[in-house]
Amino acid sequence: MRDISVQKITDALVQLVHSACLSLAPGVVDKLRQAELKEENDTARFALKTLIDNAQLASSNAVPVCQDTGMAVVFAEIGQDVRFVGGSFTDAVNEGVRRGYKEFYLRNSVLDPITRKNTGDNTPAIIHTSLVLGDKVKLTLLPKGFGSENMSKLYMLTPAAGVAGVMDKVVEAVFSAGSNPCPPIVVGVGIGGTADYAMLLAKKALLRDVGVASSDPQLAEMEQILLTRINDLGIGAQGFGGKTTALEVRIEKHPTHIAALPVGVAIQCNAHRVARTEVL
Amino acid sequence: MTKRVQLPISQEDMLSLKAGDPVLLSGKMLTGRDAAHKRIVEGLKDGSLSFDISGATIYYVGPCPAKPGDPIGSCGPTTSYRMDPYVPTLMDNGLKAMIGKGGRSKDVIDAIIRNKAVYFAAIGGAGAIYSQLVKEARVIAYDDLGTEAVREIEVKDFPVIVAIDHKGNCVYDR
């Protein structure tokens with residue numbers, strides 16, 4: 001057993017909020033540059049150049065990349081030999097989000113869905129915990145903008161649909177999202193599990209490092225085929241047309257029921273922000 | 001060739017703009033998004049609206065808080081279609097220009113044609129750049145809405161694309 005003070009969790013969250021909201025995830029700017037270089041549509045190229053300039057300005061001036069600094073989605077991998085001391089883990093995460101969003105002048109975007117009254121401090125975070133071997137805590141923050149989140153899709157396909165049916169639905173989700181999620185996007189796909197788990201897998205796929213294909217050869221091939229099909233849609237940067245609608249497609253899978261073929265699609269905007277850390 | 005347009009937009013400028021044109025906007029505009037639009041429509045219906053939208057430009061944005069000494073924080077556009085249910089009422093009451101991102105409904109396009117108005121697309125995800133181009137900002141209504149309050153902001157050379165022109169031509173259809 002190893003004791004970890006929840007204060008360390010709060011401090012880690014404050015730092016994650018800072019690094020996630022003021023700069024794009026590593027590799028995104030390079031992807032935008034590659035897209036700009038090959039783009040022939042003037043309007044789309046203008047959009048891509050603006051996004052590259054914006055990322056540089058945000059980093060140098062410590063201004064949020066995008067005003068939608070998101071709902072804080074936190075993934076915590078907790079070693080089963082860890083014992084938290086000094087308070088509640090959940091409260092500590094929320095305190096880190098509260099302090100980080102205030103300290104770095106980030107937007108409070110979270111409200112009650114019925115009364116629409118803002119909570120005033122961007123809490124509560126959405127927290128996904130999983131227990132793993134060991135005595136460390138890995139924290140990942142995905143500040144999720146909702147222009148793209150609103151374009152999420154869940155399809156409960158029948159087994160007859162097969163891999164071809166899955167691919168068609170992913171393309172359909174991106175096509176119907178059109179210009180709304182701030183393309184060029186990152187597409188996360190979760191295949192299998194239950195309805196809720198397929199959506200979680202799709203979200204988790206967004207956490208993968210830029211430029212890293214699935215370790216499963218068949219999924220890696222599907223990612224490439226889907227990226228080509230999505231970019232052939234011609235939606236382009238900001239929906240202005242052109243060659244790059246998506247920067248990447250990532251797929252995760254999990255065993256499912258004999259009756260089912262769930263497919264979750266999570267869409268991330270061009271302001272793809274993820275930060276991670278380890279608490280010892 | 002990038003055009004420069006002074007706000008409030010003149011009829012002459014309006015009629016010269018074509019879908020796809022890059023434009024630099026300067027002058028005053030209002031900000032408002034989901035919650036503000038709901039209240040503006042209620043205010044137009046019961047006559048309680050405390051500011052004038054006639055001839056105005058409205059920018060769909062919920063900015064980040066301003067750092068000390070700055071007029072505003074990061075302030076790129078939000079997705080426009082969520083405002084579509086309210087927009088025909090605003091345009092029929094004189095709203096002339098909108099700035100947001102993404103496609104619009106047929107009702108909105110019809111209202112743009114009917115009122116000879118224009119819809120501009122700003123670049124979604126470029127909030128840091130846009131914050132540098134806002135010279136002044138002040139809340140003029142619905143302060144309780146926080147980021148969703150209506151602000152009057154003054155901008156200089158604010159880059160946008162004509163997304164839907166007064167004839168209803170749409171950049172997203174091309």
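Worth pointing out:
- Out of B:THR57, B:THR79, B:THR31, one residue alone is of a type outside the set (Asp, Glu), at negative phi, in contact (Cβ under 8 Å) with a residue 40 or more places away in the chain and facing another protein chain (nearest Cβ under 9 Å). It is B:THR79.
- Residues in the range A:108-119 include at least one that is under 30 Å from A:THR43 (Cβ atoms), surrounded by 16 or more Cβ atoms within 10 Å (Cβ to Cβ) and not assigned by TED's automatic domain parsing to the domain that holds A:LYS243.
- Among the residues of the range A:94-118, those identified as closer than 15 Å to A:PHE146 by Cβ, part of a loop (DSSP other than H, G, I, E, B) and either touching a residue at least 24 places away in the same chain (Cβ under 8 Å) or within 11 Å of chain B (Cβ to nearest Cβ) (or both) are A:LEU106, A:ARG107, A:ASN108, A:SER109, A:VAL110, A:ARG116.
- Residue check for B:PRO63: at pLDDT 95 or above and under 14 Å from A:PRO64 (Cβ atoms): yes
- Subset of the range B:95-117 [among the acidic types (Asp, Glu) and in contact (Cβ under 8 Å) with a residue 40 or more places away in the chain]: B:ASP110
- Where strands (runs of 3 or more DSSP E) fall entirely within the range B:26-129, those with at least 2 residues that are in contact with a Ser or Thr (Cβ under 6 Å, 6 or more places away or on another chain) and crowded, with 21+ Cβ neighbours inside 10 Å are at B:97-100.
- Failed item in (1) assigned to a loop (DSSP other than H, G, I, E, B); (2) within 13 Å of chain B (Cβ to nearest Cβ); (3) not acidic (Asp, Glu), with A:SER59 passing the rest: (1)
- Residue within the range B:83-97 that is at the interface with chain A (Cβ under 7 Å from one of its Cβ atoms), at pLDDT 95 or above and under 14 Å from the mean Cα position of the chain (by Cα) present: no
Table: residues versus (1) more than 14 Å from every other protein chain (Cβ to nearest Cβ); (2) farther than 20 Å from A:ASP30 by Cα.
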{"site": "A:SER148", "(1), (2)": "no, yes"}
{"site": "A:LEU154", "(1), (2)": "yes, yes"}
{"site": "A:LEU157", "(1), (2)": "yes, yes"}
{"site": "A:VAL186", "(1), (2)": "no, no"}
{"site": "A:LEU200", "(1), (2)": "yes, yes"}
{"site": "A:GLN218", "(1), (2)": "yes, yes"}
{"site": "A:MET222", "(1), (2)": "yes, yes"}
{"site": "A:ASP232", "(1), (2)": "yes, yes"}
{"site": "A:LYS243", "(1), (2)": "yes, no"}
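- Single unsatisfied condition, A:PHE46 versus (1) within 30 Å of A:SER130 (Cβ to Cβ); (2) within 14 Å of chain B (Cβ to nearest Cβ); (3) part of a helix (DSSP H, G or I): (1)
- Residue match in the range B:142-153 (condition: more than 23 Å from A:PHE46 (Cα to Cα), facing chain A (nearest Cβ under 8 Å), surrounded by fewer than 22 Cβ atoms within 10 Å (Cβ to Cβ) and touching a strand residue (DSSP E or B) at 6+ places or on another chain (Cβ under 7 Å)): yes
- Within the range B:133-174, tally of residues that are within 15 Å of B:ILE99 (Cβ to Cβ) and of a type in the set (D, E, K, R): 6
- Residue that is surrounded by the most Cβ atoms within 10 Å (Cβ to Cβ), among those in the range B:160-174 that are closer than 27 Å to B:SER131 by Cα and more than 7 Å from chain A (Cβ to nearest Cβ): B:ALA163
- Some residue of the range A:19-26 being on the phi > 0 side of the Ramachandran plot and not aliphatic (A, V, I, L, M): no
- All conditions in (1) free of Cβ contacts under 8 Å to residues at least 60 places away in the same chain; (2) surrounded by fewer than 23 Cβ atoms within 10 Å (Cβ to Cβ) hold for A:PHE175, with the sole exception of (1).
- Residue match in the range A:238-251 (condition: touching a residue at least 12 places away in the same chain (Cβ under 8 Å), of a type in the set (A, V, I, L, M, F, W, C), surrounded by fewer than 24 Cβ atoms within 10 Å (Cβ to Cβ) and assigned to a loop (DSSP other than H, G, I, E, B)): no
Listed here are the residues, each with its yes/no results for (1) surrounded by fewer than 21 Cβ atoms within 10 Å (Cβ to Cβ); (2) of a type in the set (D, E, K, R); (3) more than 24 Å from A:MET199 (Cα to Cα).
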position	(1), (2), (3)
A:THR10	no, no, yes
A:VAL17	no, no, no
A:GLY27	yes, no, yes
A:ARG33	yes, yes, yes
A:LEU37	yes, no, yes
A:ALA55	no, no, yes
A:SER59	yes, no, yes
A:ALA72	no, no, no
A:GLN80	yes, no, yes
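- The range B:130-174, residues that are in a helix (DSSP H, G or I) and either over 22 Å from B:GLU12 (Cβ atoms) or at pLDDT below 95 (or both): B:TYR130, B:SER131, B:GLN132, B:ASP143, B:ASP144, B:LEU145, B:GLY146, B:THR147, B:GLU148, B:TYR172, B:ASP173
- Residue count for the range B:1-41, restricted to those that are more than 27 Å from B:ASP144 (Cα to Cα) and over 15 Å from the mean Cα position of the chain (by Cα): 16
The values are calculated or read from the model by the stated rules, or taken from the named source; none is laboratory data. If you're wondering where the values come from, they're calculated on a predicted model, not measured in any experiment. No Cβ is skipped: glycine too gets one built from the backbone with ideal geometry, and neighbour counts run over all protein chains shown.
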